[in-house]
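The values are calculated or read from the model by the stated rules, or taken from the named source; none is laboratory data. On a predicted model such as this, the values are computed, not experimentally measured, just so you know. Here the Cβ positions follow ideal geometry from the backbone for every residue, glycine too, while neighbour counts run over all protein chains shown.
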Amino acid sequence: MSEKKSIHGHWSNAFVFVLAAVGSAVGLGNIWKFPYITGEYGGGAFVLIYLVCILLIGIPVMMAEIAIGRRGRQSPINTMRDLASEENKSPLWQYMGWGGVLAGFLILSYYSVIAGWTLSYVFKAASGTFDGADASLVGDVFANLTGNPEILTGWHTLFMVLTMMVVARGVRGGLEKAVTLLMPALFALLLVMVGYAANSGGFEEGLNFLFHIDFNEFFYACDVVDGAQRCEFTGTPLLTALGHAFFTLSLGMGAIMVYGSYMPKNYSITKATFIIAGADTVVALLAGMAIFPIVFANGLAPGSGPGLIFQTLPIAFGNMAGGQFFGTLFFILLAFAAWSSAISLVEPGVAWLVENKGYSRVKATTVIGVSCWILGLGTVFSFNLWSSADYQLFGKTLFDLLDYLTANIMLPLGGLLIAIFATWVMKKESISDELSMQSGFSLWYFVTRFITPVAIAIVFLNAIGVI
Ligand code: TRP
């Protein structure tokens, strides 16, 4: 078969693909979400299960997703349709692409709101709000921000506009430079934070929390109610760990697939995957090592939820030498990391509108951006106007529901279908040709064909109470 070309152009070289994919993977998932869900699910055991999911499920699925994208060279919807038809299989497979576009859309709607918090913290840090701050001041600052729908909407709007500006111009231009420079800077700054945490007085306790494995705590989610920590049995810790493995690696919805479709043929997918997954995991663990010592040193509750980093790191910045500078820089870099992730959430949808509807990139981006912004207001209100029980379903706010539906259900389901597609639907020669691995193909094939789907199925059955 002759090699296809993407109409959207290709990365200028293979390493740019790796950078862009790292930019997509490393984001709020690592620095905001990983610490707070680890806190809610009790620490070490959750971290262990998450790492096992990365290794046994995330890595094989990522290889499959990149390979499918590179073979199809189109938006995930068209790629799935055409690859299925090349293998004489059902055109229904294109609906997997549709599910992915929808998942990306739903995720971006709340991702943008949280990224907005980050933007607002850039200015708070720069103006010295956190100088000498203690836990109660930092807690108040956070509560004032999230309690104010107008201000949250303003930051959400700004983030959405910044994201759409790059997407409209094509993801390759600005992204390349930003990622090359800013990812290493973020990494270095996390090391500074871990250095601070090491001297904060809570380092041992923090590390112990992150790495001491206690399955008892894993099955009990903890919350702070009226200032006291309350733990309840939860049915979904395994599902949350699995869902997070997908979320943090940007898997299961076609983001990495569409990036793969711009990837040159001659670069090793295996190598790229290990770099992406490795960098992503290291950043998450560093974030945990920076945050939990501060949590314990200041008597905060690890399970305090989505505000965790915003209620801990400012204490560190407020009390360390050069904290105003480091704090400002940190939130700028985090906003950039969120931005390079957000771009990949809309790219599959934009690519499809351009391919099938003949939209210009600008028009496609505007349509998606505006609708996503509107849906994002639901997340804005989840923290204030709609935070009460009257506006909840199954005890969850709209934000919680969107997060649960996308990360815990849509992404693992997408991953399951990708694994099945690559190893049961595509002919063995097709996928082996695309992966062109020098060694290890049989191992990958075996894991992706049997272990990954079964593992995902077990976790789903566990979540609905069958196992
Ligand atoms: N991985 C990103 C993060 O950790 C979020 C993200 C970007 C994502 N693209 C995605 C999640 C696609 C799922 C699917 O912040």
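Which pairs have Cβ atoms under 6 Å, sit 6 or more apart or on different chains, and link a residue in region 21-45 that is farther than 21 Å from residue 399 by Cα to one that is among the acidic types (Asp, Glu) and more than 9 Å from the ligand (Cβ to nearest atom)?
Note: pairs meeting the criteria are 42/217; 45/214.
The rows are residues; the columns are (1) crowded, with 24+ Cβ neighbours inside 10 Å; (2) of a type outside the set (Lys, Arg); (3) over 15 Å from residue 257 (Cβ atoms).
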residue: 45; (1), (2), (3): no, yes, yes
residue: 56; (1), (2), (3): no, yes, yes
residue: 63; (1), (2), (3): yes, yes, no
residue: 70; (1), (2), (3): yes, no, no
residue: 80; (1), (2), (3): yes, yes, no
residue: 91; (1), (2), (3): no, yes, yes
residue: 95; (1), (2), (3): no, yes, no
residue: 99; (1), (2), (3): no, yes, no
residue: 104; (1), (2), (3): yes, yes, no
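Name the residues in region 268-296 that are out of contact with any helix residue (DSSP H, G or I) (no Cβ under 8 Å at 6 or more places or on another chain) and either of a type in the set (Gly, Ala, Ser) or closer than 23 Å to residue 139 by Cβ (or both), would you?
Correct list: 268, 278.
For residue 411, are the conditions met, namely being modelled with pLDDT of 95 or more and either within 16 Å of the ligand (Cβ to nearest atom) or in contact with a strand residue (DSSP E or B) (Cβ under 6 Å, 6 or more places away or on another chain) (or both)?
yes
How do the pairs read when you match residues in region 243-255 that are more than 6 Å from the ligand (Cβ to nearest atom) with residues anywhere that are in a loop (DSSP other than H, G, I, E, B) and hydroxyl-bearing (Ser, Thr, Tyr), using Cβ under 8 Å and keeping only pairs 6 or more apart or on different chains?
The qualifying pairs are 254/75.
Under 23 Å from residue 215 (Cα atoms), more than 16 Å from the ligand (Cβ to nearest atom), under 17 Å from the mean Cα position of the chain (by Cα) and at pLDDT 95 or above, is that true of residue 55?
Considered against the rule, which asks whether it is under 23 Å from residue 215 (Cα atoms), more than 16 Å from the ligand (Cβ to nearest atom), under 17 Å from the mean Cα position of the chain (by Cα) and at pLDDT 95 or above, residue 55 comes out as yes.
Go over the candidates 111, 50 one by one and state the one that is in a helix (DSSP H, G or I), within 12 Å of the ligand (Cβ to nearest atom) and hydroxyl-bearing (Ser, Thr, Tyr).
111
Please enumerate the residues belonging to region 269-286 that are farther than 16 Å from residue 195 by Cα, touching a residue at least 24 places away in the same chain (Cβ under 8 Å) and more than 15 Å from the chain's Cα centre (by Cα).
269, 270, 272, 273, 274, 275
Test residue 41 against the criterion of being among the hydroxyl-bearing types (Ser, Thr, Tyr), in contact with a helix residue (DSSP H, G or I) (Cβ under 7 Å, 6 or more places away or on another chain) and buried (at least 24 other Cβ atoms within 10 Å of the Cβ), and give yes or no.
yes
Need a quick list: helices (runs of 4 or more DSSP H) entirely within region 175-284 having at least 2 residues that are among the aromatic types (Phe, Trp, Tyr) and surrounded by fewer than 23 Cβ atoms within 10 Å (Cβ to Cβ).
Hits in region 175-284: 203-211, 215-218.
Considering every residue within region 296-307, establish whether at least one is of a type outside the set (Lys, Arg) and within 16 Å of the ligand (Cβ to nearest atom).
yes
Can you pull out every residue in region 4-36 that is aliphatic (A, V, I, L, M) and within 12 Å of the ligand (Cβ to nearest atom)?
Within region 4-36, 20, 21, 22, 25, 26, 28, 31 meet the criteria.
Does region 302-339 hold any residues that are closer than 15 Å to residue 290 by Cα, part of a helix (DSSP H, G or I) and of a type outside the set (A, V, I, L, M, F, W, C), and which are they?
The answer is 311, 312, 314, 318, 319, 323, 327.
Scan (1) in contact (Cβ under 8 Å) with a residue 40 or more places away in the chain; (2) away from the ligand (no atom under 16 Å from the Cβ) for the single condition residue 342 breaks and write down its number.
(2)
Kindly indicate whether any position in region 363-374 is basic (Lys, Arg), modelled with pLDDT under 95 and more than 30 Å from residue 59 (Cβ to Cβ).
no
Answer yes or no as to whether residue 289 is over 18 Å from the mean Cα position of the chain (by Cα), modelled with pLDDT of 95 or more and either surrounded by 20 or more Cβ atoms within 10 Å (Cβ to Cβ) or not in a helix (DSSP H, G or I) (or both).
yes
Could you tell me whether any residue of region 377-393 is within 16 Å of the ligand (Cβ to nearest atom), modelled with pLDDT of 95 or more, of a type in the set (Phe, Trp, Tyr) and more than 27 Å from residue 169 (Cα to Cα)?
Taking every residue of region 377-393 in turn, none turns out to be within 16 Å of the ligand (Cβ to nearest atom), modelled with pLDDT of 95 or more, of a type in the set (Phe, Trp, Tyr) and more than 27 Å from residue 169 (Cα to Cα).
So, residue 78, is that one touching a residue at least 60 places away in the same chain (Cβ under 8 Å), away from the ligand (no atom under 16 Å from the Cβ), polar (S, T, N, Q) and assigned to a helix (DSSP H, G or I) or not?
Yes: the conditions hold for residue 78.
Looking only at region 67-74, decide whether some residue is at pLDDT 95 or above, closer than 21 Å to residue 280 by Cα and within 15 Å of the ligand (Cβ to nearest atom).
Checked region 67-74: at least one residue is at pLDDT 95 or above, closer than 21 Å to residue 280 by Cα and within 15 Å of the ligand (Cβ to nearest atom).
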